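Reading through the structure tokens given below for one structure.
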Amino acid sequence: MRASNLYAPTLRNTPAEAEIASHQLMYRAGMIRKTAGGMYTFLPLAWRTIRKIEQIIREEMDAAGGQEIMMPILQPAEFWQESGRWGAYGDEMMRIKDRHGRDFCLGPTHEEMITALVRDEVRSYKELPLMLYQIQDKFRDERRPRFGLMRSREFIMKDLYSFDKDVEGMNESYKKMYDAYTNIFTRMGLEFRPVEADNGAIGGGHSHEFTVLADAGESNIAVCTKCDYAASDEKAELKPVEAPAEDELPLEKVSTPGTNTIEALCDFLKVPADKTIKAVAYQTDKDELVLAFIRGDHDVNEVKVINQIEGALDLRMAEEEAIRAAGGCPGFMGPIGIKKDTHVLVDATVMNMHNAVTGANEVDVHYKNVNPQRDFDKDAIIVTDLRMVKEGDPCPHCGAPLKMTRGIEAGQVFTLGTKYSKAMGATFLDENGKEQPLVMGCYGIGVGRTMAAAIEQNNDDQGIVWPRAIAPFEVVVVAVNAKKEEQLTYAEGIYDECRKAGLDVLLDDRKERAGVKFKDCDLIGYPVRVTIGPKAVDEDIIEVKVRKTGEVYNFTRADYLEKVQ
Ligand code: ATP
Ligand code: MG
Ligand code: MG
Ligand code: MG
């Protein structure tokens, strides 16, 4: 490829809306352009990196026994109604109707669709285990799409689903995927940790998030300074805290008109929505019980209609969900309780309970100064041992101090068990001819987010510093003055040699000033730059610059290739 033909419109300035390095640099390096909120076009350089990431993923998925397929993006509502997630998925699901008024969604994930596929195909244990995957665009109408490819509304995901005959099989598949993910992120040259993660509403069993370490990350993780223990702060084993002091304040009933939205509730409490309120459960006008929770110092990022989760109209589940949610709130220290038929607001700074607020079984009314032990009946669930892990806490495995760090969730692996197979009737006949539900797992990697994470982790004030395995080009050969015939010809010769040596190489043959070209090279971040100027033509001196270290080496035509490879 010649730079004179490459569509990579680099910019000197950063667009105002780009808040983090990866977003800014991808823009400036001419890799992506915004189409609409949370939607991006990948220009050639970005697409090359995406294809390399996908290729590494494919190789590792195939090596672990995965087989690539491609399912439709458009999914009929019926599958989701069967699993009970049509309602539960909430506003994050992009829903559309066809001309006959039938409901569809643009797939945010594919558990339902693949379960529907496999239930019609797999008959016998002899066909198991089975691992199917695809690499495809997913759609999630994120409440706050931001940070460019990091949280977009249309994004590329690799999603693999495993089907086994029993739990042992599922655990083996999980292990294979865990190992494959470890290989993938290692091959990409990223510093990452598989962290024990909460698997949320997706089902029982275990889960790990593959987290790329970077300050811009949205995940707080606790990493042991000695052993390899790492866990998201939502999951890190919590030590019980002492029961809060007896609360003397009287329960106070207050009118809270129109507080059935999180914004209104936060407003009522006079707290910024992103700092203090961590979990909110409330009943809507339509009598749905809704749980919303806020993680870290971010905006509300998950809202669930609880009484539609798994089709359960059971408030008990709602209570459990709320507690799980509260447990997933950094800084949350206090007990919460939810009583049947209440709307509940939990103020997460409840070191003491003075701030706790709960609903009052009346629209637009809350109780202040709630003390769960005192004010809830015995049906209420009260949690007193929630505490988020913090810097210096002992590692639950080896006792060494934990370090808190930030990371980007680039992938996640889950065991699903029989949640979907039971709901959707996906069964097989076991060795005894008995019908059994398939035992499943699911495994996702965000391809675009991984690219962004790689940049977050590898950049300097000049631009991107690509890990070689996923750089858009490994090597750039720069003809310093391409208007000079002898330099251009020489550079073309070098370019051909590099190609013949199997390198992924770009020839910068643009008739631009050398300074402009060098700046672009640093901004785009090619790992190796070979400079062909008058010294090469006249003195047989070929300069090789390593982007990462900035080191410059002088070689001769006879031996430069050794360094470049
Ligand atoms: P998050 O916690 O950041 O919202 P998630 O847990 O909802 O992500 P999963 O359902 O586990 O995401 O999807 C698998 C992978 O898809 C994630 O690990 C992430 O890399 C990627 N991903 C999820 N949502 C987005 C998004 N909006 N934009 C880009 N990538 C995403
Ligand atoms: Mg999400
Ligand atoms: Mg997540
Ligand atoms: Mg996830």
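FYI, it's all coordinate maths here, none of it is from the lab. Quick caveat: nothing in here was measured; it's all calculated off a predicted structure. Please note: Cβ atoms are built from the backbone with ideal geometry, for glycine as well, and neighbour counts cover all protein chains shown.
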Give me 500, 176, 226 sorted ascending by neighbouring Cβ count inside 10 Å, so fewest comes first.
500, 226, 176
Within segment 1-48, DSSP-loop trypsin sites (Lys or Arg not before Pro) with at most 15 other C-beta atoms within 10 Å are 12
Quick check: pseudo-label points 7 Å beyond the Cα along Cα→Cβ at residue 226 and residue 557, how many nm apart are they?
6.0 nm
Residues in segment 107-149, backbone N under 18 Å from the label point at residue 51 (7 Å along the Cα-to-beta-carbon vector): list them, ranges by number please.
135-137
Dipole magnitude of segment 64-204 about its Cα centre, charges +1 at Lys/Arg Cβ and -1 at Asp/Glu Cβ only, in debye to the nearest 20?
460 debye
Using the Cα centre of segment 81-133 as the reference point, and only Cβ charges (+1 on K/R, -1 on D/E), how large is the resulting charge dipole? Debye, rounded to the nearest 20.
140 debye
Within segment 37-66, which residues have the backbone N less than 17 Å from the label spot 7 Å out from residue 186 along Cα→beta-carbon, could you tell me?
56-65
Cα pair distances exceeding 15 angstrom across segment 395-504, given as percent:
81 percent
Taking segment 405-467, which GluC sites (Glu not before Pro) meet the DSSP loop condition and have no more than 10 other C-beta atoms within 10 Å?
431
Ratio Rg/Rh, restricted to segment 1-123 and using Cα atoms, in which Rh is the Kirkwood radius
1.08
Past 22 Å, Cα to Cα: identify those pairs from 165/422; 483/548; 165/434; 158/390; 500/545; 176/422, in the order given.
483/548; 158/390; 176/422
Out of segment 48-150, which GluC sites (Glu not before Pro) are coil in DSSP terms and have no more than 13 other C-beta atoms within 10 Å?
121
